[in-house]
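Colleague: Take a look at this one; I'll ask things after.
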Amino acid sequence: MGLVNGRSDNEFEDEGPVSPVTIARKSLGLDRGQHGTLSDAEQEFSVKYLKSELLRSMKVVLFTAKINILMPCGPVAVLINYLTANHAWVFFLSMLGIIPLAERLGFATEQLAFFTGPTVGGLLNATFGNATELIISIFALKGGMIRVVQQSLLGSILSNMLLVLGCAFFSGGIVFNKKEQVFNKATAVVNSGLLLMAVMGLLFPAVLHYTHTEVQYGKSELALSRFSSCIMLVAYAAYLFFQLKNRNMYDPVHEGGSQHAGSLDDEEVAEISQWEAIIWLAILTAWISVLSEYLVDALQGASVSWRIPVSFISVILLPIVGNAAEHASAIIFAMKDKLVRHFLGVAIGSCTQISMFGIPFCVVIGWIMGQPMDLNFQLFETATLFITVLVVAFMLQDGSSNYFKGLMLILCYLIVAASFYVHVDPASVDNVIFLIINLKLEESTCYLSSWELQKAVVITETDETFTARISEI
């Protein structure tokens, strides 16, 4: 390809973000070949050039996004944890500190995608877009907080499918209100099928538990979960192979004027080099890991201070933090009419990756750690996921979007959020029953929030099966 838009390939190389580095290296290489060593002037030039590149990279990553104003919240959270140990403030500041880090992680991944191609780039976006949730889950799993892991991963799926997708449809429909945005129906069908398969993997352990039909009580459920997790991981690997072999899965559908999306993509260039993107990915992931540990450690204390159930924090608040990058990108892409190539590959792909990889991966990691992490997400959570997948599948089946579909998805998410606010986790109720029997209610506030304790006691007083459950214990 000799000319593009009247400019030669050499012109593009001169304008590239890494071309000065290449030119400098070539010139320095020639000098080394002629003289054997670098002169003082050349060494001084190299140091100055590296400093300028470092400052430019830091400026692009740390100071261009307005949301980066929240980055100091992370170090402040660490400082407060050591000075006052106020769990509510540590949790709140850690949560705020992770939001810009998750967004910048998405930015670095997008920059790396310029050098890998659209298909691999979509996989990288989905993978690092979920890195925050997986890091939080691993730390929670390490601390034995299995229900937090289950609910946070479930909440991430619900947030992506209802809130993020709804905001994308709504904002895109408002900007392009005179036409419907279209996307590839085949892509939606494949991802909907994988999501239904994930629901099936979560449904059977829950049904097995609640019907009391296990061959070995407490063991068959865990064994089934581990077996199903391995099958789901195999299915996800096959999906990756299928996606890489069918690179046109996220190609735009040329209807209703959506053809111009490709021209907009061609105008974009990488702002940082490939190795800079890789280094920033490592730095951001490490800092997110540090803040995630403080976040998980302060979760129970924040629940007590705010009088908010842990289930609501795990399903609603934590996923919003982890999905900050996808949420912002969804609105931006939809408003630029890039719904097909970019957003469906990231948001729907993110849901598929969490359900078919993230959840089974945590089961396997728990198996290695000796933690009984299983696929029994309890009946309420499993039913919520099943209904959500059905609603989203119906929304995507015609291959088009508009603002009304987005509004319905957002309203559905508000219903889900309200449901988890008034929901008491069965595991918490069982703990309260155990404490009631042992006459240790005065010590229960160490393990449960007073708000959850009050609700659980009311439930035990009105539960017809309370006597039977006491006799079991």
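Colleague: Accessible area, 1.4 Å probe, largest first: how do 327, 212, 423, 87 sort?
Modeller: Numbers: 327 50, 212 130, 423 25, 87 80 Å².
Descending order: 212, 87, 327, 423.
Colleague: So how far apart, in nm, are the two label points at residue 185 and residue 397 if each is 7 Å from Cα heading toward Cβ?
Modeller: With each label point 7 Å from Cα toward Cβ, the separation is 1.1 nm.
Colleague: Another question, if that's okay. Sort 308-316, 196-204 by the packing proxy (mean of other Cβ within 10 Å over each peptide's residues), most packed first. Walk me through the numbers on the way to the answer.
Modeller: Working: 308-316: 23.1, 196-204: 19.4.
In descending order of packing, they fall as 308-316, 196-204.
Colleague: Turning to a different aspect of this structure: Could you order 351, 412 so the one with the most accessible surface comes first? Probe is 1.4 Å.
Modeller: Numbers: 351 0, 412 45 Å².
The ranking, largest first, comes out as 412, 351.
Colleague: Another question about this same structure. Using r as the Cβ-Cβ distance of residue 387 and residue 283, and R0 as 51 Å, what FRET efficiency do you calculate, to the nearest 0.05? Present the calculation step by step, with values, prior to reporting the outcome.
Modeller: Details: r = 40 Å, r/R0 = 0.78.
Taking R0 as 51 Å, the efficiency between residue 387 and residue 283 is 0.80.
Colleague: Right, here's the next one. Loop only per DSSP, at most 13 neighbouring Cβ atoms within 10 Å: give me the trypsin sites (Lys or Arg not before Pro) in the range 173-247, ordered by residue number. Walk me through the numbers before you get to the answer.
Modeller: Details: sites: 178, 179, 185, 219, 226, 245, 247; in loops: 178, 179, 219, 247.
Sites meeting the loop and neighbour criteria: 178, 219, 247.
Colleague: Please list, by residue number, everything in the range 132-171 whose backbone N is under 16 Å from a paramagnetic label point 7 Å out along Cα→Cβ of residue 369.
Modeller: The answer is 132-154, whose backbone nitrogens lie closer than 16 Å to the label point.
Colleague: What does the charge count around residue 219 come to, taking other residues whose C-beta lies under 15 Å from its C-beta (Lys +1, Arg +1, Asp -1, Glu -1)? Can you show the working numbers first?
Modeller: On the way: positive: 226; negative: 214, 221, 374.
Once all neighbours under 15 Å are counted, the net charge is -2.
Colleague: Let me ask another. Could you give the length gained by full extension between residue 305 and residue 215, i.e. 0.36 nm per residue of separation minus their alpha carbon distance, to one decimal place? Show your work: numbers first, answer last.
Modeller: Working: separation 90, 0.36 × 90 = 32.40 nm, distance 4.23 nm.
Working it through step by step, the gained length comes to 28.2 nm.
Colleague: Assuming 0.36 nm per residue, please report the length gained on full extension of the stretch residue 88 to residue 274 beyond their Cα-Cα distance. Working shown, then result.
Modeller: Working: separation 186, 0.36 × 186 = 66.96 nm, distance 3.91 nm.
Full extension from residue 88 to residue 274 adds 63.1 nm.
Colleague: Related question: Which value, in Å² rounded to 10, gives the accessible area of residue 305 with a 1.4 Å probe and all protein chains present?
Modeller: Surface accessible to solvent at residue 305 totals approximately 70 Å².
Colleague: Under the classification rounded if a/c is under 1.5, otherwise prolate if a/b is larger than b/c and oblate if not, where does the range 60-214 fall, given a ≥ b ≥ c as square roots of the Cα gyration tensor eigenvalues? Don't jump to the answer; show the numbers that get you there.
Modeller: Working: a/c = 1.95, a/b = 1.07, b/c = 1.82.
It is oblate, given that a/c is not under 1.5 and a/b is not larger than b/c.
Colleague: What shape does the range 183-227 have by the C-alpha gyration tensor, where a ≥ b ≥ c are the square roots of the eigenvalues, rounded means a/c under 1.5, and otherwise prolate means a/b greater than b/c and oblate the rest? Write out the running numbers ahead of the final one.
Modeller: Working: a/c = 6.64, a/b = 3.39, b/c = 1.96.
Prolate shape, in that a/c is at least 1.5 and a/b is the bigger ratio.
Colleague: Another question, then. Counting Lys +1, Arg +1, Asp -1, Glu -1, what net charge surrounds residue 396 among other residues with beta carbon under 10 Å of its beta carbon? Don't jump to the answer; show the numbers that get you there.
Modeller: Values: positive: 185, 405; negative: 398.
After counting each charged neighbour, the total is +1.
Colleague: All other residues with a Cβ under 14 Å from the Cβ of residue 207 taken together, and with Lys, Arg as +1 and Asp, Glu as -1, what is their net charge?
Modeller: Working: positive: none; negative: 214, 221, 374, 381.
Surrounding charge for residue 207 is -4.
Colleague: For residue 421 and residue 238, calculate 0.36 nm times their separation in residues minus their Cα-Cα distance, and state this gained length in nm to one decimal. Provide the component values of the computation, followed by the final result.
Modeller: Working: separation 183, 0.36 × 183 = 65.88 nm, distance 3.75 nm.
Contour length minus Cα-Cα distance gives 62.1 nm.
Colleague: Can you check how the C-alpha radius of gyration of the range 42-121 compares to 2.2 N^0.38 Å, as a plain ratio? Kindly include the intermediate steps, with their values, before the conclusion.
Modeller: Working: Rg = 17.4 Å, N = 80, 2.2 N^0.38 = 11.6 Å.
Here the answer is 1.49, to two decimals.
Colleague: Roughly speaking, what is the centre-to-centre gap between the range 129-181 and the range 183-213 when only Cα atoms are used, to the nearest Å?
Modeller: That distance is 17 Å.
The values are calculated or read from the model by the stated rules, or taken from the named source; none is laboratory data. Everything quoted here is computed from the prediction, not taken from an experiment. Using ideal geometry, Cβ is built from the backbone for each residue, glycine included, and neighbour counts are taken over all protein chains shown. Side chains are part of the model used for accessible areas, which takes the heavy atoms of the whole protein and leaves out ligands, DNA and RNA. Shrake-Rupley method; radii C 1.70, N 1.55, O 1.52, S 1.80 Å.
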